[in-house]
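Here it is, the structure, as structure tokens.
The values are calculated or read from the model by the stated rules, or taken from the named source; none is laboratory data. The structure presented is a predicted model; accordingly, all values stated were derived computationally and were not measured. Heads up, the Cβs are rebuilt from the backbone with ideal geometry, glycines too, and the neighbour counts pull from every protein chain shown. Just so you know, the surface numbers come from the protein's heavy atoms only, side chains and all, with ligands and any DNA or RNA stripped out. Shrake-Rupley method; radii C 1.70, N 1.55, O 1.52, S 1.80 Å.
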Amino acid sequence: MVDQAYAPKDPAVVLIDEGNALEDQGRTAEAMARYEAAVRADPRCARAHLNRGNVLLASGDLDEARAAYERAIACDPQYAAAHFNLGNLNCRAGAYRRSLLNYQAAIAVKPDFANALVAMGNALDSLGRTAEAKASYERALAINPGDPGAHFNLGVLASNEGRAEAAAVSLRKVIAAWPDYAPAHRALGSVLSSLGQLDAAEASLRRALSIIPESEEVLFDLAMVLLAGSKSPEAVQLTLRRLESAPARTIKVAFARCVARTKFLVDDSRVRAALTDAITEPWTIPYQLCWPALSLILLDAKIAACVRCANEQWPARVPRAALFGTEGLAALSADSLLLALLATAAAGTLEFEHFLTAARYVLLETVNSHPSPDPADTQALPFYAALARQCFITEYIFDCDDREAALAAACRAKLVALLDTNATIPPLLLLSVATYFPLYTLPEPGRLLLPANEQGPVEDVLRQQVREPLEEQALRPGIASLTPITHGVSERVREQYEQNPYPRWVRLPMHEPVLRFNTELRRTFPLARFTPLANDVQPEMLIAGCGTGSQPILATRRFLGVRVLAIDLSLNSISYALRKTRESGVTNVEFAQADILKLGNVSRTFDVVAAVGVLHHLGDPFAGWRTLLSRLRPGGFMQLGFYSQLARRHVAKAREIIAARGYASTVDGIRCFRRDFTRDMGVELQWLSQLPDFYSTSECRDLVFHVQEHCLTLGQIESFLSESGLHFIGFELDLRVLQQYRTRFSDDPGGTNLRSWAQFESDNPDTFAGMYQFWVQKPA
């Protein structure tokens with residue numbers, strides 16, 4: 001009889017042990033050679049096939065790894081580890097149903113396989129079977145009460161279900177067992193933030209960042225918590241340091257959001273450079289960066305002197321020497337932040353608009369009075385070109401009296417005469433005309449175009465004011481008509497937006513990160529209760545009232561895989577939207593002209609319907625809402641935006657004054673209203689100058705001159721939701737407002753009680769100054 005202690009080992013087992021030792025040393029190729037030798041030594045050795053599969057999976061060769069695991073199972077159907085690893089592979093490949101079968105097989109062989117129960121819970125959660133996922137995690141904990149993975153996943157699941165307190169309990173158990181597990185600290189920080197516990201959230205996120213200092217996601221979360229806690233200067237410096245070492249998209253977005261809430265009292269070249277990039281790329285909606293940018297720009301003493309001079313003499317125009325002095329024009333032309341701002345967004349303060357109006361007049365007088373330009377003016381082409389782009393973006397809203405208008409018309413006639421004789425066009429003349437009239441309105445504007453390969457500030461103006469409008473005109477005839485336009489209100493609204501497409505935006509930010517619909521909605525409403533879409537791989541979305549296209553483009557950047565039908569009454573708006581969509585490289589948006597009130601005759605239905613800032617311009621907003629609901633599939637979601645009667649009280653007052661004084665809803669009428677506003681309308685309407693909408697013609701017209709407007713109350717909205725059986729998910733609001741609400745109404749952390757919100761709004765009447773923007777779900 002052979003002594004077992006001296007029995008020779010199975011050659012395959014010896015090779016596997018050698019391979020494991022090599023793998024522990026990081027010598028993967030040599031380890032793989034041993035596993036393959038073990039397979040040759042014993043083709044029925046399940047363990048050898050399993051180890052081969054592990055190496056193949058680690059290298060990303062999923063097909064070969066799957067084959068290896070399947071051979072291991074064929075050799076030993078009771079090999080729980082092989083079923084488990086094949087389940088992990090299928091999870092990695094997104095084949096969650098197949099992985100579920102693998103985990104079930106592993107557990108059938110080994111009922112106390114806690115890791116397999118945790119993994120099965122993950123697969124069930126990915127399939128939307130959250131109750132079963134929770135049960136699977138709890139079974140794992142019954143076997144191993146201290147399993148940090150099970151506690152972590154239960155915490156995440158509770159957070160995703162809006163059960164923040166339960167999530168915090170689970171995550172704290174993970175941290176107690178596993179103090180250096182950064183994902184638990186990060187998840188706890190997010191949960192605490194959603195509960196309004198900002199100091200504790202900040203501490204959790206700082207702990208996570210100390211463990212994984214390179215994490216962009218943790219730094220982003222920390223910056224958002226600091227921002228919510230009114231610590232934006234600290235958040236700016238935190239993100240700025242990371243930008244300088246690793247300028248990832250996530251950090252750019254965080255910096256932009258934080259800097260938008262910061263006023264600068266000291267010039268910082270690092271912030272200035274980052275803010276210039278943030279506007280140019282852009283990292284957020286550019287107008288949100290206007291005020292912080294101007295606070296930096298006006299720290300330049302030379303530029304501040306120009307602005308001060310223009311406002312001291314307002315409304316009189318200031319001579320060139322007085323306005324610019326000896327150094328002002330050079331300082332303006334050299335300020336890259338200023339040039340970026342003027343070319344991208346309306347410079348939204350009255351003081352700066354007055355200065356730009358004065359600078360425009362100086363250029364006009366220069367080209368009328370001096371046949372040979374001063375070298376300083378020639379060197380100032382970048383500034384004057386940026387000024388022309390600003391005038392186009394704001395749709396020529398700047399003040400202009402009769403004498404100035406006559407001078408501008410003379411310049412325009414001079415430019416046309418030069419074009420008619422094929423003469424050389426002086427750049428300053430071209431730019432001066434472009435600050436008063438859109439160049440595409442000249443006779444045969446294509447004659448102005450430079451060769452396509454020429455670049456520079458003048459070409460940028462020509463692209464914006466000639467090439468792009470001509471492209472829009474060419475696109476207009478090809479736009480599909482989905483429905484006829486209803487007579488009456490719809491026709492009047494359509495005509496307003498044909499005259500003034502709204503808004504004339506230049507650039508839009510990327511959304512970071514781009515998530516599947518269910519995940520993004522959960523990120524937006526971490527405490528809300530809703531039933532996820534059964535399939536959000538390619539949800540179909542209707543955007544009713546798409547305007548000039550910013551909303552559909554942003555939707556494609558927010559929701560991964562979404563397919564959008566965007567409709568509007570105005571063909572001019574849609575042609576602008578179509579050009580910008582192509583320019584942005586977006587291919588999953590379809591445009592059509594349609595009237596919301598006629599959509600009931602259209603057979604298409606959608607998973608998501610958005611109507612933000614649209615229905616309150618109908619004769620009956622609720623009739624339009626019902627029509628859109630008929631196009632929403634059971635279980636689908638709606639994003640809505642309505643004017644608040646309380647928050648729009650100032651707008652109502654402005655509309656009363658406009659009606660009483662008879663201001664026309666035209667460019668001249670809007671200019672006249674704004675001129676009188678700045679002179680003698682007093683403090684009751686001073687709030688208007690704080691709104692970005694005040695600084696362009698189309699937006700000002702939309703704000704206080706709209707042909708049709710309704711304002712709603714939360715009581716009316718609640719009644720409609722009840723009547724229609726809609727589930728209210730939540731308002732899209734600044735986190736600081738949500739925290740103020742939760743502090744007062746601690747029994748409603750999810751913020752879904754509309755009667756409580758009505759009380760909150762009554763005490764804080766400007767809460768919904770933008771709009772009531774919220775999401776609802778239709779019953780499945």
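Exactly one of (1) open to solvent by 40 Å² or more (accessible area, probe 1.4 Å); (2) over 14 Å from residue 705 (Cβ atoms) is unmet by residue 632. Its number?
(1)
Can you find a residue in region 372-387 that is under 18 Å from residue 465 (Cβ atoms), in contact with a helix residue (DSSP H, G or I) (Cβ under 8 Å, 6 or more places away or on another chain), assigned to a loop (DSSP other than H, G, I, E, B) and touching a residue at least 60 places away in the same chain (Cβ under 8 Å)? Show your work before the answer.
So in region 372-387, the residues under 18 Å from residue 465 (Cβ atoms) come out as 381-387.
Then keep just the ones that are in contact with a helix residue (DSSP H, G or I) (Cβ under 8 Å, 6 or more places away or on another chain); that gives 381-387.
Filter once more, keeping what is assigned to a loop (DSSP other than H, G, I, E, B): none.
The answer is no; no qualifying residue exists.
Then there's this: For region 23-58, give me each residue that is out of contact with any helix residue (DSSP H, G or I) (no Cβ under 7 Å at 6 or more places or on another chain), over 17 Å from residue 69 (Cα atoms) and open to solvent by 60 Å² or more (accessible area, probe 1.4 Å).
24, 25, 27, 29
Assess whether residue 619 counts as being within 29 Å of the chain's Cα centre (by Cα) and surrounded by 13 or more Cβ atoms within 10 Å (Cβ to Cβ).
Working: within 29 Å of the chain's Cα centre (by Cα): no; surrounded by 13 or more Cβ atoms within 10 Å (Cβ to Cβ): yes.
No: the conditions fail for residue 619.
Mind counting the residues in region 93-112 that are farther than 18 Å from residue 73 by Cα and hydrophobic (A, V, I, L, M, F, W, C)?
Let us first name the residues in region 93-112 that are farther than 18 Å from residue 73 by Cα, namely 93-97, 112.
Then drop every residue that is not hydrophobic (A, V, I, L, M, F, W, C), which leaves 93, 95.
Within region 93-112, residues that are farther than 18 Å from residue 73 by Cα and hydrophobic (A, V, I, L, M, F, W, C) number 2.
How many residues are farther than 20 Å from residue 774 by Cβ and either assigned to a helix (DSSP H, G or I) or modelled with pLDDT of 95 or more (or both) if we restrict to region 600-618?
So in region 600-618, the residues farther than 20 Å from residue 774 by Cβ come out as 600-605.
After this cut, where a residue has to be either assigned to a helix (DSSP H, G or I) or modelled with pLDDT of 95 or more (or both) as well, the list is 600-601, 604-605.
Total satisfying the criteria: 4.
A follow-up question, please. Checking the structure you have, find out if any residue of region 660-681 is open to solvent by 60 Å² or more (accessible area, probe 1.4 Å), of a type outside the set (S, T, N, Q) and either within 30 Å of residue 625 (Cα to Cα) or within 31 Å of the chain's Cα centre (by Cα) (or both).
No: zero hits.
Moving on to the next point. Considering only residues that are acidic (Asp, Glu) and either at pLDDT below 90 or surrounded by fewer than 18 Cβ atoms within 10 Å (Cβ to Cβ) (or both), which ones fall in region 497-528?
Residues of region 497-528 acidic (Asp, Glu): 498, 512, 520.
The answer is 498, 512.
Residues being in contact (Cβ under 8 Å) with a residue 24 or more places away in the chain and under 23 Å from residue 123 (Cβ atoms): count how many of those fall in region 164-185.
The first filter runs over region 164-185 and keeps only residues in contact (Cβ under 8 Å) with a residue 24 or more places away in the chain, leaving 164-165, 167-168, 173-174, 177-178, 180-185.
Now restrict to residues that are under 23 Å from residue 123 (Cβ atoms): 167, 173-174, 178, 181, 183-184.
Counting residues in region 164-185 that are in contact (Cβ under 8 Å) with a residue 24 or more places away in the chain and under 23 Å from residue 123 (Cβ atoms) gives 7.
Now for a separate question. Just give me the residues in region 154-176 being open to solvent by 20 Å² or more (accessible area, probe 1.4 Å) and among the β-branched types (Val, Ile, Thr), in sequence order.
156, 169, 175
Looking at region 206-219 only, could you name the residues that are under 23 Å from the mean Cα position of the chain (by Cα) and either open to solvent by 30 Å² or more (accessible area, probe 1.4 Å) or not polar (S, T, N, Q) (or both)?
So the first thing to find is which residues in region 206-219 are under 23 Å from the mean Cα position of the chain (by Cα), and the list is 215-219.
Residues satisfying the conditions are 216, 217, 218, 219.
State whether the residues of region 340-361 include one that is of a type in the set (Lys, Arg) and more than 25 Å from residue 700 (Cβ to Cβ). Lay out the reasoning, then the answer.
In the first step, residues of region 340-361 are kept if they are of a type in the set (Lys, Arg); the result is 360.
From what is left, the residues that are more than 25 Å from residue 700 (Cβ to Cβ) are none.
The answer is no, given that none of the residues of region 340-361 is of a type in the set (Lys, Arg) and more than 25 Å from residue 700 (Cβ to Cβ).
So which residues in region 468-496 are charged (D, E, K, R) and buried (at least 18 other Cβ atoms within 10 Å of the Cβ)?
Kept after step one, since they are charged (D, E, K, R), are these residues of region 468-496: 468, 471-472, 476, 491-492, 494-495.
Of everything in region 468-496, those that are charged (D, E, K, R) and buried (at least 18 other Cβ atoms within 10 Å of the Cβ) turn out to be 472, 494.
Moving on to the next point. Taking region 644-659 as the search range and keeping residues that are open to solvent by less than 20 Å² (accessible area, probe 1.4 Å) and under 21 Å from residue 768 (Cβ atoms), which one is modelled with the highest pLDDT?
Residues of region 644-659 that are open to solvent by less than 20 Å² (accessible area, probe 1.4 Å), as a first pass: 644, 647-648, 651, 654, 658.
In the following step, the residues that additionally are under 21 Å from residue 768 (Cβ atoms) were identified as 644, 647-648, 651, 654.
Values: 644: 97, 647: 94, 648: 93, 651: 90, 654: 90.
So the residue we want is 644.
While we're looking at this one, here's another question. Open to solvent by 20 Å² or more (accessible area, probe 1.4 Å) and among the aliphatic types (A, V, I, L, M), is that true of residue 260?
yes
For the list (1) among the β-branched types (Val, Ile, Thr); (2) closer than 20 Å to residue 220 by Cα; (3) in a loop (DSSP other than H, G, I, E, B), I need the number of the one condition that residue 519 fails.
(3)
If you don't mind, there's one more thing I want to ask. If only one of 772, 741 is at pLDDT below 95 and under 27 Å from residue 652 (Cα atoms), which one is it?
Details: 772 fails: at pLDDT below 95.
From the options 772, 741, the qualifying one is 741.
Still on this structure: Listed residues 285, 279, 251; which is out of contact with any Ser or Thr (no Cβ under 8 Å at 6 or more places or on another chain) and either more than 30 Å from residue 188 (Cβ to Cβ) or open to solvent by less than 20 Å² (accessible area, probe 1.4 Å) (or both)? Give the derivation first.
Values: 279 fails: out of contact with any Ser or Thr (no Cβ under 8 Å at 6 or more places or on another chain); 251 fails: out of contact with any Ser or Thr (no Cβ under 8 Å at 6 or more places or on another chain).
Just one listed residue meets the conditions, 285.
Additional query: Could you please tell me which pairs satisfy a Cβ distance under 9 Å, a separation of 6+ or placement on different chains, a first residue in region 624-640 that is in a helix (DSSP H, G or I), and a second residue that is of a type in the set (Ser, Thr, Tyr) and open to solvent by 20 Å² or more (accessible area, probe 1.4 Å)?
Listed pairs, sorted by first residue: 625/724; 626/724; 629/724; 630/605.
Oh, and also: Of the conditions (1) surrounded by fewer than 22 Cβ atoms within 10 Å (Cβ to Cβ); (2) touching an Asp or Glu at 6+ places or on another chain (Cβ under 9 Å), residue 95 satisfies every one except a single condition; which number is it?
Answer for residue 95: the failing condition is (2).
Here's another thing I want to ask about it. Which members of region 142-153 meet the condition of being closer than 14 Å to residue 119 by Cβ, assigned to a helix (DSSP H, G or I) and open to solvent by less than 60 Å² (accessible area, probe 1.4 Å)? Outline the logic, then answer.
Going residue by residue through region 142-153, those that are closer than 14 Å to residue 119 by Cβ are 143-144, 147, 149-150, 152-153.
With assigned to a helix (DSSP H, G or I) added as a condition, the list becomes 143, 149-150, 152-153.
Passing the criteria: 149, 150, 152, 153.
Note down all Cβ pairs under 6 Å where the first residue falls in region 562-588 and is under 24 Å from residue 628 (Cα atoms), the second is assigned to a strand (DSSP E or B) and open to solvent by 40 Å² or more (accessible area, probe 1.4 Å), and they're at least six residues apart or on different chains.
563/540; 565/590; 588/563
Before we move on, is residue 168 within 29 Å of the chain's Cα centre (by Cα), in a helix (DSSP H, G or I), modelled with pLDDT of 95 or more and more than 30 Å from residue 111 (Cβ to Cβ)? Walk me through how you get there before you give the answer.
On the way: within 29 Å of the chain's Cα centre (by Cα): yes; in a helix (DSSP H, G or I): yes; modelled with pLDDT of 95 or more: no; more than 30 Å from residue 111 (Cβ to Cβ): yes.
The answer is no for residue 168.
If residue 581 satisfies every condition in (1) surrounded by fewer than 21 Cβ atoms within 10 Å (Cβ to Cβ); (2) among the polar types (S, T, N, Q); (3) within 21 Å of residue 503 (Cβ to Cβ) but one, which is the exception?
Of everything listed in (1) surrounded by fewer than 21 Cβ atoms within 10 Å (Cβ to Cβ); (2) among the polar types (S, T, N, Q); (3) within 21 Å of residue 503 (Cβ to Cβ), residue 581 misses just condition (1).
Taking into account only those residues within region 388-407 that are open to solvent by less than 40 Å² (accessible area, probe 1.4 Å) and not hydrophobic (A, V, I, L, M, F, W, C), which is nearest to residue 464 (Cα to Cα)?
Ranking the qualifying residues of region 388-407, first place goes to 389.
Could you identify the single residue in 438, 457, 443 that is open to solvent by 60 Å² or more (accessible area, probe 1.4 Å) and either within 24 Å of residue 472 (Cβ to Cβ) or out of contact with any Leu (no Cβ under 6 Å at 6 or more places or on another chain) (or both)?
So the residue among 438, 457, 443 that is open to solvent by 60 Å² or more (accessible area, probe 1.4 Å) and either within 24 Å of residue 472 (Cβ to Cβ) or out of contact with any Leu (no Cβ under 6 Å at 6 or more places or on another chain) (or both) is 443.
Among the residues of region 549-567, are any among the basic types (Lys, Arg) and farther than 29 Å from residue 221 by Cβ?
First pass over region 549-567, keeping only residues among the basic types (Lys, Arg): 557-558, 563.
Now drop any that are not farther than 29 Å from residue 221 by Cβ, which leaves 563.
Within region 549-567 (the criterion being among the basic types (Lys, Arg) and farther than 29 Å from residue 221 by Cβ), the answer is yes, since at least one residue qualifies.
Another one. Any residue that is β-branched (Val, Ile, Thr) and either surrounded by 18 or more Cβ atoms within 10 Å (Cβ to Cβ) or within 26 Å of residue 708 (Cβ to Cβ) (or both) - is there at least one of those in region 533-552? Even if it seems obvious, please write down each step before you answer.
Residues of region 533-552 that are β-branched (Val, Ile, Thr), as a first pass: 537, 543, 548.
Of the ones still in play, those that are also either surrounded by 18 or more Cβ atoms within 10 Å (Cβ to Cβ) or within 26 Å of residue 708 (Cβ to Cβ) (or both) are 543, 548.
Yes, there is a match, as at least one residue in region 533-552 is β-branched (Val, Ile, Thr) and either surrounded by 18 or more Cβ atoms within 10 Å (Cβ to Cβ) or within 26 Å of residue 708 (Cβ to Cβ) (or both).
Moving on. Quick check on region 306-355: of everything there that is of a type outside the set (S, T, N, Q), assigned to a helix (DSSP H, G or I) and within 14 Å of residue 678 (Cβ to Cβ), which residue is farthest from the chain's Cα centre (by Cα)? Walk me through it before giving the result.
Quick first cut of region 306-355, residues of a type outside the set (S, T, N, Q) only: 306-310, 312, 314-325, 327-332, 334-335, 337-343, 345-348, 350-355.
So of that shortlist, the ones also assigned to a helix (DSSP H, G or I) come out as 306-310, 312, 320-324, 328-332, 334, 337-342, 350-355.
With the extra rule that they be within 14 Å of residue 678 (Cβ to Cβ), the set shrinks to 310, 350-355.
On the way: 310: 36, 350: 28, 351: 29, 352: 28, 353: 28, 354: 31, 355: 32 Å.
Within region 306-355, the match that is farthest from the chain's Cα centre (by Cα) is 310.
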